[in-house]
Amino acid sequence: MSPRLDRAALIASFEGYGSKKQLVGGEFERAVVRPDGRPVAYDEDHGIRWYLEEFAGRWGWSIVTEGDHPIALEKDGANLTLEPGGQIELSGAPHASLRDLERELATNRAQLVELADEAGHVAIGCGLTPIASIPSIPWMPKGRYVVMREYLAKHGELAHFMMKGTTSVQANFDYVDEADCAEKVAVATGLAPLVTAIFANSPLYENKPTGFESMRANVWRHTDPDRTGFPTPIADGFRFDRWVDYLLEVPMMFYKRRSPGDSYGGWAHANGRTFREYMETGIDGQLAEQKDWELHQTSVFPEVRIKRTIEVRCGDGVGPDLALAFCALFAAILYVEPARAAASELALDLRRRATLADQHLSAAIGGLSATIGGRPTGEWAKALAAIATSALSSFDKGSLPLLDPFLDRIEKRRSPARDLLDQWNSNADPAAIVRAVAY
């Protein structure tokens, strides 16, 4: 029998995750669509299931199934997983070198593009699917998503947009102890809206401008306020106990039954009960175990999330070069002490001028053309670029060129969304839009 959980043990678990290795992991979501932007279903000929089976057969990935359905792949510390609308996410292995991360992504990208070409599809890197309507995108056959789609639809008008239509880039970083974690969380959280503006890449939906350069960021604002955005523990003085208390009280969407037999393949509605209740008195006769706690941590989606690592989640899905720049940017400002101090001052200056929520909305609407706290976003971005450029080589010698796509965006003061809008204004044919965001 697993040991009984309590609050003190949960706090201690975060203290045990500390590491001085300074590894970097990347998570890269990509959608697969037809050349005219229409979605690809799971079980159709050359559907999403076929992609998973081909990755396994051709390149040695191990298949993870749920019932009769392949739903994920594992290999060498990395995972390929399915988002609710069939988006294929590479959750990479942790790396000591950004160049190793680059090689991992390049290999996976080449394999994904090979399969897409063979299937007559296009893999795209875009924060929101630009052509297909959300109702037209089929759901993937995962029990967790059945529960999530029913729960979240009651809590956010754009929740299904988030689930089926969005993609993002994420970077993951080690923390040494609580103090180190708090410093890194403060920097990453304080700069999240600015980074959202720089990487904005979702200005279209159903092939029409949305009025947002990052419609993805706006979608998250209308998904579920209980578990998204900037909750107090990350926005105002991070501590392990405050983070644990937040997780204990956030309403649960689901839990996993340990005896099979229900229609969701073991997944059950928690109906908004808290993990504290699950831990202390149980749900339907079942008490929470450590694996339930780890699962529950995946059901909150703030802009910065703390698990075994710090997960920075504020970037739209973008092409591979800019996605690597996202990882390199945060490696520089989180792992190099002088850069972290300078980035912290920049974040504090931003907070003095505007709330995180107001910054986030400005970033979502205007990208690098916005104004935050009375100052052009491009000027804030230029200051961030100077900090990262001076620091990156000291973290990973030879990796400085990985920042070039990021620096180019700031020099031109153009998010990727501006390029896509220019394409739409010159030629709005769906096939042209899909080619413009091809991965």
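Each reported figure results from applying straightforward, stated rules to the coordinates on display, with no laboratory input. Given the structure is predicted, the values throughout are model-derived calculations rather than measurements. Cβ: placed from backbone, ideal geometry, glycine included. Neighbour counts: every protein chain shown.
Averaging Cα coordinates gives a centre for region 321-395 and one for region 146-216; these two points are 16 Å apart. Along region 273-290 the Karplus relation, 6.51 cos²θ - 1.76 cosθ + 1.60 evaluated at θ = phi - 60°, assigns HN-Hα couplings of 5, 8, 5, 4, 5, 4, 6, 8, 10, x, 10, 6, x, 10, 8, 5, 10, 4 Hz to successive residues, with x for each Gly and Pro. Farthest toward the positive end of the dipole of the chain, out of Phe230, Pro302, Pro251, is the Cα of Phe230, where the dipole comes from beta carbon charges about the Cα centre. Once divided by 2.2 N^0.38 Å, the Cα radius of gyration of region 155-195 becomes 1.61. Considering all different alpha carbon pairs of region 238-315, the Kirkwood hydrodynamic radius works out to 13.4 Å.
FRET efficiency for the Glu294 to Arg353 pair, using the beta carbon distance and R₀ = 41 Å, is estimated at 0.60. Pairs exceeding a 23 Å alpha-carbon distance, out of Lys154/Lys307; Lys21/Lys256; Lys20/Lys184; Lys142/Lys164; Lys20/Lys307: Lys154/Lys307; Lys21/Lys256.
Assuming a ≥ b ≥ c are the square roots of the Cα gyration tensor eigenvalues, decide whether region 92-194 counts as rounded (a/c under 1.5), prolate (otherwise, with a/b larger than b/c) or oblate. Before the final figure, lay out each step's value.
Values: a/c = 2.22, a/b = 1.20, b/c = 1.85.
Note, shape of region 92-194 comes out oblate.
For the pair Thr281 and Ala431, label points projected 7 Å from Cα toward Cβ lie 6.2 nm apart. Equivalent-ellipsoid semi-axes for region 340-439 (Cα gyration tensor, √(5λ), whole Å, largest first): 28, 21, 10. Size descriptor for region 163-319, Kirkwood hydrodynamic radius: 17.1 Å (Cα pairs only, one decimal). Remark: the Ala12-Ala179 segment gains 58.7 nm on full extension, using 0.36 nm per residue and subtracting the alpha carbon distance.
At R0 = 35 Å, how high is the FRET efficiency between Ala438 and Thr65 if r is their beta carbon distance? Nearest 0.05 is fine. Kindly include the intermediate steps, with their values, before the conclusion.
Numbers: r = 30 Å, r/R0 = 0.87.
According to the calculation, E is roughly 0.70.
Compute the Rg to Rh ratio over region 356-407 from the alpha carbon atoms, using the Kirkwood formula for Rh, and round to two decimal places.
We get a ratio of 1.09 for region 356-407.
Computed from the alpha carbon positions, the gyration tensor of region 1-43 leads to an equivalent ellipsoid with semi-axes of 42, 19, 8 Å, biggest first. Compactness of the chain, taken as the C-alpha radius of gyration over 2.2 N^0.38 Å, stands at 0.94. What fraction, in whole percent, of alpha-carbon pairs in region 55-150 exceed 23 Å separation? Cα-Cα pairs of region 55-150 separated by over 23 Å account for 33 percent.
With only Cα atoms counted, region 269-404 has Rg and Dmax values of 19.3, 56 Å.
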